[in-house]
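Asks: Pasting a structure below so you can have a look.
Where a number appears in this text, it was derived from the coordinates with a stated rule and is not lab data. On a predicted model such as this, the values are computed, not experimentally measured, just so you know. Cβ coordinates were reconstructed from backbone atoms using ideal geometry, including for glycine residues, and neighbour counts include every protein chain displayed.
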């Protein structure tokens with residue numbers, strides 16, 4: 001046995017092609033990371049001109065939930081409570097929320113996992129209107145959100161919560177927020193990663209300090225600003 | 001009883017089984033994370049995500065442990081090296097008379113390309129997966145590109161591994177080789193003519209000697 005490098009196979013040592021295929025895959029992967037999204041968007045644009053029907057219309061949302069199943073709430077069963085360090089705690093039905101002044105915020109929904117949906121219009125009540133109606137006490141400094149899925153929670157500082165692009169959203173794409181997208185009522189914190197926009201919102205509680213939300217207990221940043229959207233000085 | 005020859009050592013079969021199992025766990029958890037109807041049914045994102053991350057991280061480990069085994073290393077070398085008959089084997093894919101001149105060693109050229117592509121794809125999945133896993137520690141990473149590559153290669157893997165399984169379903173003797181470690185000599189002569197003819201692999205040699213003694 002002379003050819004130690006290739007025991008068993010009959011014909012010569014041959015050329016090491018397999019490892020080149022492995023390296024080529026690694027190169028393709030790196031190239032895909034660098035230019036893939038641009039290529040995909042280009043293809044999608046070209047397709048939508050040539051054959052619009054071939055472009056998927058799923059809007060790119062992916063379904064994330066931290067629990068096994070989420071109970072469904074509708075106009076009769078849904079309640080939103082506002083409490084904590086406030087002088088006038090309140091409970092709203094869906095109709096009562098819809099009767100308040102409505103605002104629309106259009107912003108990209110960006111997930112930390114890398115997918116995003118561009119220019120999503122959300123419509124609903126400004127969170128600051130609900131906070132003002134409840135009269136936050138002086139010691140109130142943060143807002144904690146709880147959800148009727150029974151597990152999820154989120155939080156904002158009071159300053160963040162009072163921004164004009166933070167909504168208690170009832171509508172998305174001018175339709176009621178569907179259950180799978182967190183309906184009937186979800187939070188939309190436009191300048192932050194989408195995990196800050198709690199789905200299935202059921203409770204707003206003013207607290208004296210920020211309490212970490214669900215994912216933040218697992219290492220997500222508490223201030224989930226999107227790149228370039230941090231307020232100056234924050 | 002038909003004469004049988006050793007094809008895969010116990011270590012190689014263990015590597016195959018463990019890798020297949022880990023791949024299945026990766027695939028099922030991936031479906032539960034990203035295929036909307038299943039995600040809506042399963043939910044429990046933290047648990048599913050954790051299982052997916054760890055099964056993905058462990059996916060290359062059986063093959064790495066396999067490097068301790070001589071027969072496994074020898075087969076890796078076989079898969080890496082393409083000889084003249086492999087080039088002809090690939091060229092014959094374009095010919096109308098498909099089986100003419102298709103000669104193969106222990107692995108045919110298609111199996112070599114498949115295995116090399118799979119190794120590269122798993123490394124790409126591992127790399128992009130780790131970037132997604134530790135995305136908050138590494139916020140310079142272009143996540144949109146990373147998640148796109150992880151998605152596209154995942155779909156490609158499903159197709160390619162499905163092909164592997166369909167090929168196995170179509171050939172009971174190939175399956176028996178991976179299940180029991182041994183195949184019929186007549187099957188080996190037909191499918192891998194250049195393997196046993198001038199074999200110097202210790203395991204195959206022992207097996208053929210044992211068969212000769214029995215005869």
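Asks: Working from Cα positions, state the angle (0 to 90°, nearest 10) between the long axis of helix B:109-133 and the longest principal axis of chain B.
Replies: Tilt relative to chain B: about 20 degrees.
Asks: I need the peptides B:102-115, B:79-92 ranked by packing, meaning the mean over residues of other C-beta atoms within 10 angstrom, with the highest value on top.
Replies: Ranking the peptides B:102-115, B:79-92 by packing returns B:102-115, B:79-92.
Asks: Within 10 Å of each Cβ in A:28-39, how many Cβ atoms from other chains are there, averaged over the peptide?
Replies: Across the residues of A:28-39, the mean count of other-chain Cβ atoms within 10 Å is 6.
Asks: Sorted from fewest to most neighbouring beta carbons within 10 Å, what does the list B:126, B:148, A:127 look like?
Replies: The order, fewest Cβ neighbours first, is B:126, B:148, A:127.
Asks: Would you look at the GNM of chain B, springs on alpha carbons closer than 10 Å, and say which of B:71, B:142, B:60 moves the most?
Replies: Taking springs between Cα atoms under 10 Å, the residue moving most is B:142.
Asks: Ignoring everything except DSSP H segments at least 4 long, calculate the 222 nm mean residue ellipticity for chain A; use -39,500 (n - 2.57) per segment, divide by total residues, nearest 500.
Replies: -7000 deg cm²/dmol
Asks: Separate question: Given the DSSP H assignment, sum -39500 (n - 2.57) over each helix run of at least 4 residues in chain B and divide by its residue total; what's the result at 222 nm in deg cm²/dmol, nearest 500?
Replies: Value at 222 nm, helices only: -23500 deg cm²/dmol.
Asks: Sorting A:129, A:74 on the 10 Å Cβ count, fewest up front, what's the list?
Replies: With the fewest neighbours first, A:129, A:74 line up as A:74, A:129.
Asks: So in chain A, what percent of DSSP beta bridges are antiparallel if you round to the nearest 5?
Replies: 90 percent
Asks: Peptides A:208-219, A:110-121: what's the order by average Cβ count within 10 Å, highest mean first?
Replies: A:110-121, A:208-219
Asks: Order of A:166-174, B:22-30 by packing, highest average Cβ count within 10 Å first?
Replies: Most protected by this proxy first, the peptides run A:166-174, B:22-30.
Asks: Among B:55, B:69, B:95, whose mean-square fluctuation peaks in a Gaussian network model of chain B (Cα, cutoff 10 Å)?
Replies: Per the Cα network of chain B with a 10 Å cutoff, B:95 tops the list.
Asks: Arrange A:199, B:167 by Cβ neighbour counts within 10 Å, fewest through most, would you?
Replies: Result, fewest neighbours first: B:167, A:199.
Asks: Right, another one. Going by the alpha-carbon gyration tensor, a ≥ b ≥ c the square roots of its eigenvalues, is the range A:80-218 rounded (a/c under 1.5) or, if a/c is not under 1.5, prolate (a/b greater than b/c) versus oblate?
Replies: It comes out oblate by the Cα gyration axes.
Asks: Additional query: Evaluate peptide A:61-74: per residue, the Cβ atoms of other protein chains within 10 Å of its Cβ; return the mean as an integer.
Replies: Whole-number average of other-chain Cβ neighbours for A:61-74 is 4.
Asks: Okay, next question. Computed FRET efficiency, Cβ-Cβ of residue A:141 and residue A:45, R0 51 Å: what is it to the nearest 0.05?
Replies: FRET efficiency, residue A:141 to residue A:45: 0.65.
Asks: Roughly how many whole Å is it from the C-alpha centroid of the range A:133-184 to that of the range B:109-172?
Replies: 38 Å
Asks: Viscosity 0.890 mPa s, temperature 25 °C: Stokes-Einstein D of the range B:64-164 from its Kirkwood Cα radius, in µm² per second?
Replies: So the translational diffusion coefficient is about 153 µm²/s.
Asks: Expressed as an acute angle from 0 to 90° and rounded to the nearest 10, what is the orientation of the C-alpha long axis of helix B:143-170 relative to the principal long axis of chain B?
Replies: Its long axis makes an angle of about 30 degrees.
Asks: Pairing the Cα long axis of helix B:202-214 with the longest principal axis of chain B, what angle in degrees results, from 0 to 90 and rounded to the nearest 10?
Replies: Its long axis makes an angle of about 40 degrees.
Asks: Evaluate E = 1/(1 + (r/R0)^6) for residue A:175 and residue A:230, where r is the Cβ-Cβ distance and R0 equals 30 Å; express this FRET efficiency to the nearest 0.05.
Replies: 0.40
Asks: Here's another thing I want to ask about it. Over all residues in B:78-91, what is the mean tally of Cβ atoms on other chains that come within 10 Å of each residue's Cβ?
Replies: The per-residue average across the peptide is 5.
Asks: What FRET efficiency do you get for residue A:209 and residue B:90 if R0 is 60 Å and r is their Cβ-Cβ distance, rounded to the nearest 0.05?
Replies: The value I calculate is 0.35.
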